[in-house]
Amino acid sequence: MKKDQLLDLYHQMVLIRRVEERGAELYQAGKIGGFMHLYIGQEAVSTGLIAAREPRDRVITAYRDHGVALNTGISANEVMAELLGKATGISKGKGGSMHMASVEKNMWGGHAIVGGHLPIASGLALGDQYAKNDNVTICMFGDGATNIGYFHEALNISKIWGLRVLWVCENNQYGMGTAVNRASAVDDIRQKAEGYNMKNSQVDGMDVMKVYDAAREAIEYVRAESQPYFLEVITYRYRGHSMGDPERYRKQEEVKKWQENDPIGIFRKHLLEKKTASAKALDEIDAQVEDEVNQAVEFAETSPEPALEDLFKNVYVE
Amino acid sequence: MAKITMREAISQALMEEMDRDPAVFILGEEVGVWGGTYAVTKGFYDKYGPDRIKDTPIAENAIIGAAIGAAMVGQRPIAELMTINFAFSAMDYIVNQAPKLHYMFGGQFRVPMVIRAVGGGGRQLGATHSQTPDAIFAHFPGLKVVSPGTPEDAKGLLKSAIRSDDPILFIEHATMYQVRGEVPDGEYLIPIGKSKVQRAGKDATIVTYSKGLELSLKAADELAKDGIEAEIVDLRTLRPLDMEPVLESFKKTNRAVLVEEGWKSYGVGSEVGSRIYEEAFDYVDAPIIRIAQKEVPLPYNRTLEQAALPQVPDIVAAVKEVLK
C-alpha cells in the first residue's frame, strides 16, 4: 500500500474514534437519543475491510455502524447530523445511530435486528448474480448474530447458489453482555462455516494491516470462484454494548488488557517503525481530525430539524 | 373477453410481466421443477430456466430476506410463500424490514418486491395451515396488501404490483383457483388501492374482499329472490384502504354488513366499520354487522371447520337484520 493510502487509513481510524467520543459526550448531554452503540476498539476491522474492496463492492452491517459509514466515505457531518436527528443527516434524521446508509457509497445499512441483515446480504448478492456482474457483498455482523436462525439460512443459500458474499464475523467476545462461550456451541465461530462447506479463516482484528490482507485475499477468492467466504475477525469493544451498559459482565482488567492492543496505537507504531510517517505528521492528522469533528458537531447542531411534513414522506415510493 | 380461472389469470400476469421486464424473477419453495404447489407456475421452469424461476430451500427468512436484497439493488423479485401461514416464519422481513427500508433511510432504498401468499381456510388443513391473517399485515404502514376476488382483478392487480416500487403482499385464496371469470383481452392494469362496486344495489351495502366476495355474491342472489338489492363493495386492497366507494354506497343505503374470512376481533371489518362510524355517522340507520370467522383455531373436521367459517346464510341473515 502506498504512503497516502496508509495515512488515509490512519485518518479514518482516528476519525471514527473521535466522532464517537464526541458522540458519547453529546449523548450524555441529551442531544442524541435512542440507542447508540460505539465501535471504539474495533476501528481496524471496518477500516481494513473497506480499504480492501473495490468501489463496486457492497457493504452491509449491523447497528454498530458509524465506523463503516465513515470508512465508506459518508462524511462526519452527515454522520453527526444523523446522530442528532437532523434533516441533513445521511438518513434525513429518520434512521438515527443504527440506520446509516448511502446507496452512492455502496453502504447498504445500518440494520438493527440482530442477524436480520444476513439474508438481505444474500439478496444483494443474488441481485448481482442475476445481473451477471461480479460485485462482492461484504456482510459484517457480530458473534451474537451467529446464534440466530437468519445466520444459518443466509449462509446456506449463499453456498448452494454460489453467491459472492464475504461473511465477516466481528467476534468482539460478547453478544450484549453474554460471553461467546455462554451463547455459542463453539468458541471458534468460523467453525460454523464448516457446516456449510464454506472456506473460512480467522484474523487478528486489532491490526488493520492484517485485516486488510485477509480481506483482500478473501474478496479475491469470492470474486474469482463465485463462492462465499467466512472471515472471523477477533476484536474487542472498549465501551459498553450501548450507552446504557452497566458492564457487570466483564472486569476492568480485561478491558485494560485489550486496550494495550489498541488498534490505533498498533497502527501508529507500525507507521513510525516503517518510517511511513513521522510522529509530527501523524499528530497533524490527529489535529486535522479534531477540526473535522469540531466542524461536524457545529454542522449538526446548527442544522435544521426535519420539517413536520416530512413525517409522512417516504412511507411509500408511490 | 375470455373466461378463465383465477389460476390462469395469475399465471398470465406473471408470464406477461416476466416477458416484459427481464428484472422480474420468481423464487420460492417448489416454484420451479415442481411447477408450484398450486400449479400457478406450471411450465415456467421450462420456459424461463432456473435463474428466473428459482427453487429455494424451505427457509422463509432466506426467501423473503433475499428477495428484499435483490429488490434493493434493482431487480423485481416475486417471492412465493407456499401458504401465508409460513409468513409467520418470515414475519420480521414482511412487517419489520421491507416496509421500513424506504422510510428509515430517508428514501434511499426501494424494495420493489411482491410476495405472493396463499391464504384461507376450508380445505381441512388444520389450525396451522388454514388461516386468513390478512388484517395483521394490513396493520403496517409501508407495506401494501392486495387480495383480489375475481380473475380480472387478480390479473390486473398482480401486474400493477409487479410494476410497483413498493413492497406488496399479494394474498390469493386457496379455494378460489378454480373460480372462473371474464378477463379483458390484451394488456390491462388495475390500480392498487382502489375499492370497487362489484354488484350494484340500493338497499344495503356489503363490504368484503377475496373469498368474502364469492360468498357475498351468492348471498346477494339469494336476497334478490326476496326483492332485496344488496350493493357489494370489494376492497381489493386492504392497505392503502380506499373508503370512497364504501362511504358513497353507505350514504345511499345507510346499512352495512362487513364480510371477511378472518377472525372478527381486530379484523378488516373492525377497521371498515370504525371508519364508517367516524366518517358517515349521520347516515347510520342500523347497527353495522360484521360476519367473520368464529374465534377458534380452525379445526380439521369438515363439519366443524365449515361451522367456524363464514357462510352464505350468515350474510343473508345479517343483511335482513340490518334492514329490519
In region B:74-108, what count of residues is obtained for those that are within 11 Å of chain A (Cβ to nearest Cβ), small (Gly, Ala, Ser) and in a helix (DSSP H, G or I)? 2
Just give me the residues in region A:50-67 being within 14 Å of chain B (Cβ to nearest Cβ) and touching a residue at least 60 places away in the same chain (Cβ under 8 Å), in sequence order. A:56, A:57, A:58, A:59, A:60, A:61, A:62
So in region A:114-148, with the set limited to residues that are of a type in the set (Gly, Ala, Ser) and assigned to a helix (DSSP H, G or I), which one is farthest from the chain's Cα centre (by Cα)? A:127
I'd like the residue in region B:48-73 that is without any contact (Cβ under 8 Å) to a residue 24 or more places away in the chain and more than 8 Å from every other protein chain (Cβ to nearest Cβ) and, out of all such residues, is farthest from residue A:156 (Cα to Cα). B:49
Quick one: would you say residue B:159 is charged (D, E, K, R), at pLDDT 95 or above and surrounded by 24 or more Cβ atoms within 10 Å (Cβ to Cβ)? no
So which pairs qualify, if the first residue must be in region A:258-284 and under 16 Å from residue A:4 (Cβ atoms), the second must be assigned to a loop (DSSP other than H, G, I, E, B), the Cβ gap must be under 7 Å, and the two must be at least 6 apart or on different chains? A:271/A:277
Among the residues of region A:112-131, is there at least one that is under 25 Å from residue A:303 (Cβ atoms) and surrounded by fewer than 24 Cβ atoms within 10 Å (Cβ to Cβ)? yes
Return the pairs, sorted by first residue and then second, in which the second residue is at pLDDT 95 or above and assigned to a strand (DSSP E or B), the first residue lies in region B:240-269 and is closer than 15 Å to residue B:200 by Cα and among the aromatic types (Phe, Trp, Tyr), the beta carbons are less than 8 Å apart, and the residues are 6+ apart or on different chains. B:250/B:205; B:250/B:256
I'd like the full set of residues that are within 11 Å of chain B (Cβ to nearest Cβ) and assigned to a helix (DSSP H, G or I), limited to region A:82-113. A:82
Has region A:258-265 got at least one residue that is in contact with a helix residue (DSSP H, G or I) (Cβ under 6 Å, 6 or more places away or on another chain), in a helix (DSSP H, G or I) and at pLDDT 95 or above? yes
Filter region A:33-83 down to the residues that are under 10 Å from the mean Cα position of the chain (by Cα) and of a type in the set (Val, Ile, Thr), then identify the one that is surrounded by the fewest Cβ atoms within 10 Å (Cβ to Cβ). A:72
Subset of region B:227-246 (residues that are in contact with a helix residue (DSSP H, G or I) (Cβ under 8 Å, 6 or more places away or on another chain) and either part of a strand (DSSP E or B) or over 25 Å from residue B:160 (Cα atoms) (or both)): B:228, B:229, B:230, B:231, B:232, B:233, B:234, B:237, B:238, B:239
Yes or no: region B:187-204 includes at least one residue that is farther than 30 Å from residue B:92 by Cβ, more than 17 Å from the chain's Cα centre (by Cα), away from chain A (no Cβ under 14 Å) and crowded, with 24+ Cβ neighbours inside 10 Å. yes
Matching option when the condition is more than 9 Å from chain B (Cβ to nearest Cβ) and in contact with an Asp or Glu (Cβ under 9 Å, 6 or more places away or on another chain), among A:162, A:144: A:162
Listed by first then second residue, the pairs whose first member lies in region B:278-289 and is surrounded by 12 or more Cβ atoms within 10 Å (Cβ to Cβ), whose partner is part of a loop (DSSP other than H, G, I, E, B), with beta carbons under 6 Å and at least 6 positions apart or on separate chains, are B:283/B:254; B:285/B:254; B:285/B:255; B:286/B:255
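The values are calculated or read from the model by the stated rules, or taken from the named source; none is laboratory data. Since the model is a prediction, treat every value here as computed from it, not as a measurement. Note that each Cβ is placed from the backbone with ideal geometry, even for glycine, and that neighbours are counted across all protein chains shown.
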